[in-house]
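This report refers to the structure that appears directly beneath it.
Values quoted throughout were computed directly from the atomic coordinates according to the rules given, and no laboratory measurement underlies them. Keep in mind that what you see is a predicted model, and the values were worked out from it rather than measured. Cβ atoms come from the backbone with ideal geometry, glycine included; neighbour counts cover every protein chain shown.
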Amino acid sequence: MGRMDGKSVFITGAGSGIGRASALRCAAEGAAITVADINGDLARATADAVVAAGGRCLSLAVDVTDEAQLAEAVVAAVERYGSLTNLVNCAGGSIAADDSVTKVDMDVWDHTINLDLRGTFLACRTAIPHITAAGGGSIVNFTSVVALQGNFKGHVYTAAKGGIISLTQALAGRYWRDNIRANAIAPGVILTERVRDRIGLAADVPAEDAVRTALEMNARLVDQRHPFGVGVPEDIANVVLFLASDESRMVNGAVIPAEGGAAAY
Ligand SMILES: NC(=O)c1ccc[n+]([C@@H]2O[C@H](COP(=O)([O-])OP(=O)(O)OC[C@H]3O[C@@H](n4cnc5c(N)ncnc54)[C@H](O)[C@@H]3O)[C@@H](O)[C@H]2O)c1
């Protein structure tokens with residue numbers, strides 16, 4: 001028996017990185033997956049990988065900043081699988097042009113708040129009525145270590161991820177009445193394709209070498225005191241699996257730091 005048997009999981013931004021790894025992990029435990037990514041080719045590639053591994057996956061090209069597209073997509077997921085029980089909001093990320101409040105170009109604000117915060121808000125808004133109709137389930141949102149401490153120079157991303165923490169707590173405080181839990185994950189540095197590219201690490205460097213190199217390069221966020229602060233997408237997919245499954249039924253409104261303790265000591 002799989003840990004996600006009977007679940008129908010809608011994952012935004014699952015064309016790459018943490019979302020993709022989460023789609024594969026949850027499918028391997030029996031969940032039916034819907035991948036929603038702005039890049040339809042990437043969404044299809046994830047779905048192909050899930051199906052090749054023996055899972056079930058629907059891929060959709062969806063921009064999470066567009067409420068109408070999201071609404072259509074969640075209906076397609078319900079039509080395909082008969083219900084929707086889980087939402088995992090992975091679409092998001094910081095951009096290189098982000099900067100401190102006095103320096104940043106306000107175009108970065110429009111892009112990042114729109115994608116990370118508004119996109120998460122809209123996905124919850126469109127999915128929750130369907131999760132309620134299914135009798136309840138779980139929402140997993142993505143914040144970041146940068147929202148748990150004050151030393152990241154990208155202030156727009158930090159503000160967006162701080163908003164996601166408060167939104168998650170508000171969701172938890174309202175939708176328990178509908179048997180829905182909402183939690184957030186705050187990763188450290190996760191070596192997705194995007195992050196490898198940003199820090200100049202080749203895609204084919206093996207995970208352990210990549211983690212060691214990234215740990216040396218990123219002393220600003222995680223240093224030798226936090227040897228577990230750099231990871232790979234599968235590390236976070238394991239946390240997603242736990243929060244999405246009924247194994248976490250006592251966990252609601254939590255922000256789970258997955259950053260090697262960087263925000264704690
Ligand atoms: N990678 C990290 O180090 C890290 C650290 C902390 C938090 N996070 C957060 O985790 C989440 C996943 O990050 P990741 O690094 O796996 O991302 P990623 O860049 O690897 O993947 C993001 C996916 O989202 C898609 N996307 C972009 N805009 C979209 C839109 N408007 N609508 C739908 N899809 C869209 C992209 O096509 C891409 O496939 C993000 O919210 C990110 O902020 C990541």
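Against the condition away from the ligand (no atom under 15 Å from the Cβ), over 30 Å from ILE180 (Cα atoms) and of a type outside the set (Phe, Trp, Tyr), how does ASP105 come out, does it pass? It is true that ASP105 is away from the ligand (no atom under 15 Å from the Cβ), over 30 Å from ILE180 (Cα atoms) and of a type outside the set (Phe, Trp, Tyr). Restricting SER83, SER16, SER100 to those that are small (Gly, Ala, Ser), within 8 Å of the ligand (Cβ to nearest atom) and surrounded by fewer than 21 Cβ atoms within 10 Å (Cβ to Cβ) reduces the list to SER16. Scanning the stretch 162-180 for residues that are surrounded by 24 or more Cβ atoms within 10 Å (Cβ to Cβ) and either out of contact with any strand residue (DSSP E or B) (no Cβ under 8 Å at 6 or more places or on another chain) or outside any helix (DSSP H, G or I) (or both) gives a single hit, ILE180. Condition check for ALA52 on (1) without any contact (Cβ under 8 Å) to a residue 12 or more places away in the chain; (2) surrounded by 24 or more Cβ atoms within 10 Å (Cβ to Cβ): one failure, at (2). Of all residues in the stretch 6-29, those that are in a loop (DSSP other than H, G, I, E, B) and not hydrophobic (A, V, I, L, M, F, W, C) total 6.
If you filter the stretch 181-221 down to residues that are more than 13 Å from the ligand (Cβ to nearest atom) and part of a strand (DSSP E or B), you find that the one that is farthest from THR112 (Cα to Cα) is ARG181. All of (1) under 17 Å from the mean Cα position of the chain (by Cα); (2) in contact (Cβ under 8 Å) with a residue 24 or more places away in the chain; (3) within 14 Å of ILE95 (Cβ to Cβ) hold for VAL156 with one exception: (1). Among the residues making up the stretch 113-146, those that are touching a Gly at 6+ places or on another chain (Cβ under 8 Å) and either assigned to a strand (DSSP E or B) or near the ligand (Cβ under 9 Å from one of its atoms) (or both) are LEU115, ASP116, GLY119, THR120, PHE142, THR143, VAL145, VAL146.
Inside the stretch 82-112, can you point out the residues that are of a type in the set (S, T, N, Q) and either in a loop (DSSP other than H, G, I, E, B) or in contact with a strand residue (DSSP E or B) (Cβ under 7 Å, 6 or more places away or on another chain) (or both)?
Taking the stretch 82-112 and keeping what is of a type in the set (S, T, N, Q), we get 83, 85-86, 89, 94, 100, 102, 112.
Those that are of a type in the set (S, T, N, Q) and either in a loop (DSSP other than H, G, I, E, B) or in contact with a strand residue (DSSP E or B) (Cβ under 7 Å, 6 or more places away or on another chain) (or both): SER83, THR85, ASN86, ASN89, SER94, SER100, THR102.
Taking the stretch 30-50 as the region of interest, how many residues are part of a helix (DSSP H, G or I), out of contact with any strand residue (DSSP E or B) (no Cβ under 6 Å at 6 or more places or on another chain) and among the small types (Gly, Ala, Ser)?
Residues of the stretch 30-50 that are part of a helix (DSSP H, G or I), as a first pass: 40-50.
From what's left, out of contact with any strand residue (DSSP E or B) (no Cβ under 6 Å at 6 or more places or on another chain): 41-42, 45, 48-49.
Cutting the leftovers down to among the small types (Gly, Ala, Ser) gives us 45, 49.
Residues that pass the stated criteria total 2.
Beta carbons closer than 7 Å, at least 6 apart along the sequence or on distinct chains, pair a first residue in the stretch 221-241 that is over 10 Å from ALA21 (Cα atoms) with a second that is in a helix (DSSP H, G or I) and within 10 Å of the ligand (Cβ to nearest atom) for LEU221/VAL145; VAL230/ALA214. Taking first residues from the stretch 18-43 that are closer than 12 Å to SER59 by Cβ and partners that are among the polar types (S, T, N, Q), the Cβ contacts under 6 Å between residues at least 6 apart in sequence or on separate chains come to ARG20/THR46; ALA23/THR46; VAL35/THR46; VAL35/SER59; ALA36/THR12; LEU42/SER16; ALA43/SER59.
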